[in-house]
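Input: a single structure, listed below in structure tokens.
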Amino acid sequence: MTSSLIGLSLVRRHCIALGLLAGLAGFLPAEAAQPPARTPATILVVGDSLSAEYGLKRGTGWVALMEQRLVQEKIAATVINASISGDTTSGGRSRLPALLAKHKPTVVIIELGGNDALRGLPLTMTQDNLQAMTQAAQATKAKVLLLGMQMPPNYGQDYADRFAALFATVAKTHKTGLVPFLLKDVADGPDALRLFQNDRIHPTEAAHPTILNNVWPAVKKQLS
């Protein structure tokens, strides 16, 4: 056999081998392919002073701690903290459309209502505002997490009960995530006085890891 014929034979064998490999590739299981990269989530927090680090050193509030926890657990997410001290549900409702349009969040965390109660605003108005915010966020395909609040007994037991219940009502009606009481183990714990600033309204820096622990399981569920 001449060298040219030998070379032609080797080329044919090489082509056949490549063809077999290409054919086999079609039978490889889908798991062998690299999964598409997951788009990082955007978490929008719309809250009041409890989320805006009132009286705290920057970076020590529960929202900042949540950002750190996301990094620690290697969860790709951007956090937008749009909280304003003193804000009410009416203020949040008016601000939310622009925030949704600008940030296009994956998850919206609503931490509002406490200032409504402190000002004695009608509970029906608070509930209506929370519902409107929830519906606006869900209309953009964002998931919603409501952070509930409770009032101290001196506001009257009936009022306190109805206020606490409205968060659960909105969450159940619109199928949102819910943290029943943001300040659990802070306001109702044995060290309550130590965990609040002198105004006895705003938690100290030492309380915010506990606040994050109250919120974190619900946040992870919304991101799953």
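Counting residues in the range 188-205 that are under 28 Å from residue 223 (Cα atoms), small (Gly, Ala, Ser) and either exposed (fewer than 15 other Cβ atoms within 10 Å of the Cβ) or modelled with pLDDT of 95 or more (or both) gives zero. Only one entry in 88, 78, 42 is within 12 Å of the chain's Cα centre (by Cα), buried (at least 16 other Cβ atoms within 10 Å of the Cβ) and farther than 26 Å from residue 206 by Cβ, namely 42.
For the range 54-67, residues that are surrounded by fewer than 18 Cβ atoms within 10 Å (Cβ to Cβ) and either part of a strand (DSSP E or B) or among the β-branched types (Val, Ile, Thr) (or both) total 1. The residue pairs whose first member lies in the range 117-137 and is charged (D, E, K, R), whose second member is buried (at least 16 other Cβ atoms within 10 Å of the Cβ), and whose beta carbons are closer than 6 Å, counting only pairs six or more residues apart or on different chains, do not exist in this structure.
The set of residues in the range 173-224 being part of a helix (DSSP H, G or I), in contact with a helix residue (DSSP H, G or I) (Cβ under 7 Å, 6 or more places away or on another chain) and in contact (Cβ under 8 Å) with a residue 60 or more places away in the chain consists of 208, 209, 211, 212, 215, 216, 219. Taking the listed residues 151, 133, the one that is more than 26 Å from residue 69 (Cα to Cα), touching a Phe, Trp or Tyr at 6+ places or on another chain (Cβ under 9 Å), among the aliphatic types (A, V, I, L, M) and surrounded by 13 or more Cβ atoms within 10 Å (Cβ to Cβ) is 151, with no other qualifying.
The values are calculated or read from the model by the stated rules, or taken from the named source; none is laboratory data. This structure is a prediction, so every number in the text was calculated from the model and none was measured. Cβ coordinates were reconstructed from backbone atoms using ideal geometry, including for glycine residues, and neighbour counts include every protein chain displayed.
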